[in-house]
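S.K.: Please find one structure pasted underneath; my questions will follow.
Here, each number is a calculation from the coordinates, and none is a lab measurement. Note that the structure is predicted; figures quoted are calculated from it, not measured. Counting neighbours? That spans all protein chains shown, and the Cβs are built from the backbone with ideal geometry, glycine included.
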Amino acid sequence: MDNNEQSKKLDNLKKGVLLCERCKLSTTRTNVVFGEGSSEAEIMFIGEGPGKTEDLTGRPFVGRAGALLTSIIENGMKLKRENVYIANIVKCRPSVDYKMQKDRPPDKEELKCCSPFLTEQIKIINPKVIIALGSPSSKFLLNSNIGITKLRGNWGSFLKIPVMPTYHPSYVLRNGGEKSPLKKDVWEDIKKVLKKLNV
Ligand code: URA
């Protein structure tokens, strides 16, 4: 598939996803957060679902966790954010109540309804490596029930594409903030990705 075809297929998929009413999150969302980046990206980052800022803007990872992720990509990996692809397993914000005050992980039903969209995105982009951010996306992509602490740092695969699970930036920030010791672990995992890509 050439880049033109990839872009068209992603655009078509996005049109459908923007109208999605498969689950209850469609009733509380402000915006669908489809994902963004290069349709020919070699690296895809997959988070769990939009938070408040993402819901308001329609863009993935643009809040506090997003700032950390962007810094890992740009300052750590020396890549441009627009040259990778960033998406989530669920495209609408899961929150604990209808007042939308607090985020929560997506539930089983939401994952079942929404994950086929992510699978389609991955098939179209066909990246060389996927980085799974946090427990829900690692468990989904690796079809595993093992906790992220054990999973992280170990290669798995999804549709034959290598997957590197690591901690979610929000989890890192919740555990020590900017000086979190978990940053070192995330960087160890990212270094394995760079090595695989010969960067
Ligand atoms: N957390 C996620 O998992 N995804 C986002 O887009 C933002 C925060």
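S.K.: Non-local amide H neighbours of Phe158 (under 5 Å, H modeled in plane, Pro and chain starts lacking H): which ones?
M.R.: So Phe158 has HN proximity to Val163.
S.K.: Further question on the same structure: Restricting things to Cα coordinates, could you compute the convex hull volume per residue of the chain in Å³?
M.R.: It comes to 111 Å³ per residue, whole-number rounded.
S.K.: Additional query: Restricting things to Cα coordinates, could you compute the convex hull volume per residue of segment 1-67 in Å³?
M.R.: That works out to 98 Å³ per residue.
S.K.: Still on this structure, please answer the following. Ordered by residue, what ³J(HN,Hα) values in Hz, to whole numbers, does segment 50-61 give under the Karplus form 6.51 cos²θ - 1.76 cosθ + 1.60, where θ = phi - 60° and Gly and Pro are x?
M.R.: Whole-Hz 3J(HN,Hα) from phi for segment 50-61: x, x, 4, 5, 5, 4, 6, 9, x, 10, x, 6.
S.K.: While we're on this one: Under a 5 Å amide H to amide H cut-off, with H placed in plane at 1.01 Å, what residues pair with Leu79 once short-range neighbours are removed?
M.R.: For Leu79, the qualifying residues are Glu74.
S.K.: Convert each backbone phi in segment 115-121 into a coupling constant with the Karplus relation 6.51 cos²θ - 1.76 cosθ + 1.60 (shift: θ = phi - 60°), then list the ³J(HN,Hα) values in order as whole Hz, x for Gly and Pro.
M.R.: Computed from phi, the couplings for segment 115-121 are 4, x, 5, 5, 4, 4, 4 Hz.
S.K.: What does DSSP give for the chain in terms of the percent of beta bridges that are antiparallel, rounded to the nearest 5? Mind showing how you got there, number by number?
M.R.: Values: 6 of 18 bridges.
Of those bridges, close to 35 percent are antiparallel.
S.K.: Could I ask something else about it? Normalise the Debye intensity by I(0) for segment 59-119, one equal point scatterer per Cα, no solvent, then take log10 at q = 0.18, 0.29 Å⁻¹ and round to two decimals.
M.R.: Debye curve over Cα of segment 59-119, log10 I(q)/I(0) at q = 0.18, 0.29 Å⁻¹: -0.77, -1.16.
S.K.: Quick one: 3J(HN,Hα) in Hz for segment 8-18, Karplus 6.51/-1.76/1.60 with θ = phi - 60°, rounded, Gly and Pro as x.
M.R.: These are the phi-based 3J(HN,Hα) values: 4, 5, 5, 4, 5, 4, 4, 4, x, 5, 4 Hz.
S.K.: Determine, for each peptide in 33-44, 1-12, the mean count of other beta carbons within 10 angstrom over its residues, then list the peptides with the highest first.
M.R.: 33-44, 1-12
S.K.: Now a separate question. List every residue whose amide H lies under 5 Å from the amide H of Val62, counting only residues 5 or more places away in sequence or on a different chain, with H placed 1.01 Å from N in the peptide plane.
M.R.: Glu54
S.K.: Show me 173-179, 159-165 ranked by packing, highest mean number of other Cβ atoms within 10 Å first.
M.R.: Working: 173-179: 11.0, 159-165: 17.6.
Descending mean neighbour count gives 159-165, 173-179.
S.K.: Now for a separate question. Going by Cα centres, segment 104-118 and segment 170-199 are how many Å apart?
M.R.: Spelled out, the Cα-based centre of one part sits 25 Å from the other.
S.K.: Could you tell me which residue out of Val33, Leu56, Ser157 lies farthest along the dipole of segment 3-196 toward its positive end? Charges go on the beta carbon: Lys and Arg +1, Asp and Glu -1, centred on the Cα centre.
M.R.: Positive-most Cα among the choices belongs to Ser157.
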